[in-house]
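Down below is the structure, laid out as structure tokens.
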């Protein structure tokens with residue numbers, strides 16, 4: 001609603017004054033002296049009188065700075081470096097003012113006012129961005145907002161005591177803002193957004209220097225925002241250039257995470273696999289290939305590798321998200337638990353498919369997150385059940401159980417699309433050596449051996465093969481499962497028609513077999 | 001066999017498409033992730049020098065912001081009061097510093113050009129700077145090569161080291177040219 | 001098939017694609033020795 005009369009002019013005057021003061025400092029960019037004079041000026045102009053006026057001041061100054069950038073960008077005489085330097089002088093001055101106000105607001109021990117002001121400013125800039133994005137449409141420019149956010153982040157992450165004490169709040173405020181500005185809300189800001197999320201200082205703070213991995217869950221949420229945005233575009237085979245650019249940028253970020261923070265990917269892969277489209281095979285493989293840095297993986301091609309006796313197989317991976325709560329509706333979960341316990345109600349099995357076909361995602365026939373959660377829940381229950389009988393999961397102990405009833409029912413009863421997604425849910429558990437990898441590897445091989453139609457065996461082969469023919473990396477659990485399938489004569493793998501259906505397919509199997517033997 | 005896209009035939013369709021239209025299968029067959037400009041075998045963490053999602057090489061040393069007191073930062077107001085960069089006034093070790101710490105930048109070529117004018121030559125294969133040892137007699141000299149004692153600049157120990165070289169003139173870089181600005 | 005909202009998202013992304021962020025956008029402004037990238041000879045030190 002309307003600003004008080006004269007506020008726009010006052011703000012315009014103050015901001016211009018600050019920018020010229022900031023850029024004319026004779027002693028470099030140390031503007032703390034100029035800052036105290038300026039705050040006095042703001043006070044005289046009554047800007048600091050109420051929270052409402054401060055909010056209006058920041059909105060108006062953000063708009064004025066952004067407007068000046070749009071004007072510069074439309075100036076034909078300003079191009080390349082000159083254009084950017086001119087814009088930076090305005091934007092960096094505004095950022096410096098915000099940073100100093102955040103640092104010096106309230107007394108040095110009182111973080112609340114600082115964080116309150118930072119959240120306010122970030123919210124205002126985000127609001128201006130979304131409004132600008134809405135109003136300008138394809139004329140929208142990410143540049144000024146990108147500069148404001150990154151320079152303010154760098155200013156607030158310099159190693160100064162007053163900032164170190166509020167750093168977790170600064171990171172949280174930024175994650176909230178970046179979630180508000182996620183690509184599905186501001187697609188025109190998506191490249192700057194990914195650049196902010198993957199900036200070396202931001203990544204370092206969120207994933208490395210913040211104690212007890214307190215930044216990990218927020219960072220995972222930002223990546224899920226990105227995957228959710230990319231999913232519809234990646235589900236189509238042909239990638240347009242803008243999508244390829246964002247997709248390739250995402251691969252680079254995931255490679256840095258795989259190299260520097262593999263445990264982060266190990267912990268959060270569940271949520272990522274819920275939103276990454278099934279045809280994004282390499283990106284999913286990249287995430288599933290992560291393994292703890294202190295673990296040494298036995299070479300999957302070791303002749304007669306005895307996976308059952310690896311000591312890591314006895315331990316379950318860390319599971320952070322509450323996947324059992326994702327099994328809805330509650331009646332379905334109750335029937336599931338009842339069936340697992342009592343193998344009743346028998347109708348549970350026949351209703352499985354219809355429960356899995358309830359999807360609120362337009363264009364999706366199956367509820368993939370529910371499928372993933374169900375598979376993981378039944379599998380972990382099975383491991384507990386087998387262990388409860390002081391046995392260890394293997395090809396014998398996993399059979400003839402309510403858990404395997406469910407898996408076999410899904411393999412038999414689902415249509416080809418549903419079965420493909422179901423088998424993908426299992427294959428997503430084939431990672432580094434742990435009890436889940438081992439159990440689900442045995443399950444996949446068991447379903448192959450006990451299949452009552454060749455179609456099931458063909459689709460198990462399809463799901464494994466498409467993950468193997470893609471460029472590296474390949475998860476360890478995937479390799480050991482496929483090697484067992486083609487090496488162990490009990491599965492009569494090479495007798496199947498689908499193995500010899502075309503020369504390319506035959507050659508593929510033989511090349512994989514050669515690298516095994 | 002399964003006759004829709006969820007069986008082996010579905011995969012075969014992708015594999016065959018790869019021959020005709022690789023862009024169609026960029027997701028299904030993936031790409032060489034070692035060619036995205038990240039040194040995946042690096043023993044050190046990659047994130048501190050990560051150039052960003054669009055960069056196909058890590059940050060160079062001069063690209064990494066380091067926190068310095070604001071007084072050290074130069075703004076436009078005093079920029080013009082400071083002397084310009086004049087490479088012909090700098091000693092050799094500063095020129096070498098600029099050459100090795102401004103990779104991919106105009107400064108690297110400018111420093112190379114100044115070293116060239118001071119009779120240093122860049123060996124394009126050995127990737128080292130070489131200059132003649134004053135007063136040292138050449139052991140061999142022909143129209144295509146010469147052999148003798150020379151100084152080369154040892155980056156690891158940051159000093160000139162005398163060493164015998166067989167110098168094939170075709171391996172020495174000509175005068176570096178600074179294009180554009 | 002892409003939903004309507006995806007089409008409009010794609011349009012916004014496509015226009016942003018033609019104004020990609022520059023490396024210097026995420027770096028402090030260097031007034032004295034600004035980043036001045038150029039293609040140096042491949043035989044020069046690159047790292």
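Label separation (residue A:504 vs residue B:136): 6.1 nm, computed from points 7 Å beyond Cα along the C-beta direction.
What order do you get for A:2-15, A:139-152 when each peptide is scored by the mean count of other beta carbon atoms within 10 Å, highest first? List each step's numbers first, then the result.
Working: A:2-15: 14.1, A:139-152: 23.0.
Output ranking for A:2-15, A:139-152: A:139-152, A:2-15.
Counting only other chain Cβ atoms within 10 Å of each residue's Cβ, the peptide B:59-72 averages 5. Relative contact order of chain B, taken over Cα pairs closer than 8 Å and 6 or more residues apart, is 12 percent. With a simple spin-label model that places each label point 7 Å from the Cα along the Cα-to-Cβ direction, the separation between residue A:515 and residue B:68 comes to 4.9 nm. Roughly how tilted is helix B:92-101, in degrees to the nearest 10 and between 0 and 90, from the longest Cα axis of chain B? Roughly 0 degrees between the two axes. Principal axis extents of the Cα atoms in chain C, from largest to smallest and rounded to whole angstrom, are 49, 29, 15.
If you take the square roots of the eigenvalues of the alpha-carbon gyration tensor of chain B and sort them as a ≥ b ≥ c, do you get rounded (a/c under 1.5), prolate (a/b over b/c) or oblate? Walk me through the numbers on the way to the answer.
Values: a/c = 3.10, a/b = 1.65, b/c = 1.87.
Since a/c reaches 1.5 but b/c is at least a/b, the shape of chain B is classed as oblate.
May I ask for the percentage of alpha-carbon pairs in region A:163-276 that lie more than 19 Å from each other? The calculated P(r) of region A:163-276 puts 44 percent of pairs beyond 19 Å. For a quick check, take a GNM of chain B with Cα springs below 10 Å and name the residue from B:80, B:44, B:63 with the largest mean-square fluctuation. Greatest mean-square fluctuation among the candidates belongs to B:80. Across region A:286-380, Cα pairs under 8 Å and at least six residues apart give a relative contact order of 23 percent. Helix A:51-74 and the longest principal axis of the C-alpha atoms of chain A enclose an angle of approximately 80°.
GNM on chain B, alpha-carbon springs under 10 angstrom: the most fluctuating residue among B:166, B:100, B:122 is B:166. Summarised in one figure, the compactness ratio Rg/Rh of region A:28-77, Cα atoms and Kirkwood Rh, is 1.12. Normalised by the number of residues in chain A, the mean separation of alpha-carbon contacts (under 8 Å, six or more apart) gives a relative contact order of 10 percent. Packing around the peptides A:350-356, A:96-102, taken as the average count of other Cβ atoms within 10 Å per residue, puts them in this order, highest first: A:96-102, A:350-356. Across peptide A:486-499, the average count of Cβ atoms from other chains found within 10 Å of a residue's Cβ is 1. A Förster distance of 35 Å, applied to the separation of the beta-carbon atoms of residue C:20 and residue A:302, puts the FRET efficiency at 0.15. The Rg/Rh ratio for region A:83-150 is 1.06, where Rg is the radius of gyration of the alpha carbons and Rh is the Kirkwood radius. Of the peptides A:189-195, C:9-15, A:320-326, the order by per-residue mean of other Cβ atoms within 10 Å, starting with the highest, comes out as A:189-195, C:9-15, A:320-326.
The mean number of partner chain beta-carbon atoms within 10 angstrom of a residue's beta-carbon across peptide A:250-256 is 6. Principal-axis analysis of the Cα atoms of chain A puts helix A:402-413 at an angle of about 90° to the longest axis.
Ratio of alpha-carbon Rg to the 2.2 N^0.38 Å globular estimate for region B:75-127, to two decimals, please. Dividing the Cα radius of gyration by 2.2 N^0.38 Å gives 1.31.
Given the DSSP H assignment, sum -39500 (n - 2.57) over each helix run of at least 4 residues in the protein assembly as shown and divide by its residue total; what's the result at 222 nm in deg cm²/dmol, nearest 500? Spell out each step's value before the answer.
Numbers: 28 runs with 388 residues, N = 745.
Computed mean residue ellipticity for the protein assembly as shown: -17000 deg cm²/dmol.
When every Cα-Cα distance of region B:57-151 is counted in 5 angstrom steps from zero, the calculated P(r) takes the values 2, 10, 15, 17, 18, 13, 9, 6, 4, 3, 2, 0 percent. Just so you know, the Rg over Rh for chain A is 1.07, from Cα atoms, with Rh as the Kirkwood radius.
Coordinate-derived values only; no laboratory data. Just so you know, these numbers come straight off a predicted model, no measurement behind them. Here the Cβ is made from the backbone with ideal geometry for all residues, glycine too, and neighbour counts use every protein chain on show.
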